[in-house]
Amino acid sequence: MIRLPLATLTSACLSGLLVVATAASAQTPAPSAPAAAAADASRLHAADQTFIADGTQGVATQRDAARIATSRSTDRDVKAFAERVSTDNAKISEALRAASPRGVDVPNNDPDAAVLASINNLRGADFDKTYIEQVALAGEQKTLSAFQAEIASGRDDQLKAAAKKALPTIQEHYALAQDLAKRKHLSTTAQ
């Protein structure tokens, strides 16, 4: 049997452990970007996740429906409202993306396809009536509710700040939609 000094034996054991630890860490894959984003999103409070989904969809739906309205409507009041909403909501969408926590994917263009489909083939007075009732009133009210819920229940400070900053614009859009409905002799409550 070979006898080695204790210091040599200890040194050999530590060297072996160092080699094993280095090899193990080299084989551990770094988390991929989507996995990291999913981990960040899972740490986001449920109210904030709901706001990112519902708030951004509401803003995108309003923006895209307004773009359709500018080309399909024959009414100058409807067109003016739509142009305002389109411009304002493009800014709100960018602000939401900028306020989202790092690694959390905020959809850039995820409008409600059913809402857009409901107005896409209409023209003239039929378009105006449907746009005012289903998009301007009901859609703005839904978007307004999403922003108010984030302000009341959200936990992410940047998202709450973005919601607070955008809220007056969304409230104004809803008030303008109610006024537009009144001037066109339509019900001013969302359906």
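The values are calculated or read from the model by the stated rules, or taken from the named source; none is laboratory data. Since we're looking at a predicted model, the values are computed, not measured. We place every Cβ from the backbone using ideal geometry, glycine too, and count neighbours over all the protein chains shown.
Here are the numbers:
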| item | result |
| --- | --- |
| P101 vs. criteria crowded, with 18+ Cβ neighbours inside 10 Å, within 17 Å of the chain's Cα centre (by Cα) and not in a helix (DSSP H, G or I) | no |
| Subset of segment 100-155 [among the hydrophobic types (A, V, I, L, M, F, W, C), free of Cβ contacts under 8 Å to residues at least 12 places away in the same chain and within 15 Å of R67 (Cα to Cα)] | A113, A117 |
| Segment 160-191, subset within 20 Å of the chain's Cα centre (by Cα) and hydrophobic (A, V, I, L, M, F, W, C), residue nearest to A80 (Cα to Cα) | I170 |
| Residue, surrounded by the most Cβ atoms within 10 Å (Cβ to Cβ), within segment 164-191, restricted to residues that are without any contact (Cβ under 8 Å) to a residue 60 or more places away in the chain and not in a helix (DSSP H, G or I) | A190 |
| Residue among L137, L122 that is over 14 Å from the mean Cα position of the chain (by Cα), outside any helix (DSSP H, G or I) and of a type in the set (A, V, I, L, M) | L122 |
| Filter result for E94 (of a type in the set (D, E), modelled with pLDDT of 95 or more and at negative phi) | no |
| Residue that is farthest from G58 (Cα to Cα) [pool: residues in segment 133-173 that are among the β-branched types (V, I, T), out of contact with any Gly (no Cβ under 9 Å at 6 or more places or on another chain) and at pLDDT 95 or above] | I151 |
| Residue within segment 146-155 that is assigned to a helix (DSSP H, G or I), more than 15 Å from the chain's Cα centre (by Cα) and more than 24 Å from T50 (Cβ to Cβ) present | no |
| Residue selected from segment 144-163 under the condition exposed (fewer than 14 other Cβ atoms within 10 Å of the Cβ) and of a type outside the set (G, A, S), by the criterion farthest from A47 (Cα to Cα) | D157 |
| Matching residues in segment 70-94 - criterion: being surrounded by fewer than 16 Cβ atoms within 10 Å (Cβ to Cβ) and under 15 Å from A162 (Cβ atoms) | A90, K91, E94 |
| Condition broken by R84, with the remaining ones in (1) out of contact with any Pro (no Cβ under 9 Å at 6 or more places or on another chain); (2) over 19 Å from A177 (Cβ atoms) satisfied | (2) |
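A quick yes/no check of all residues on (1) more than 18 Å from V85 (Cβ to Cβ); (2) modelled with pLDDT under 95; (3) among the hydrophobic types (A, V, I, L, M, F, W, C):
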residue: G103; (1), (2), (3): yes, yes, no
residue: N108; (1), (2), (3): no, yes, no
residue: A114; (1), (2), (3): yes, yes, yes
residue: N120; (1), (2), (3): no, yes, no
residue: G124; (1), (2), (3): yes, yes, no
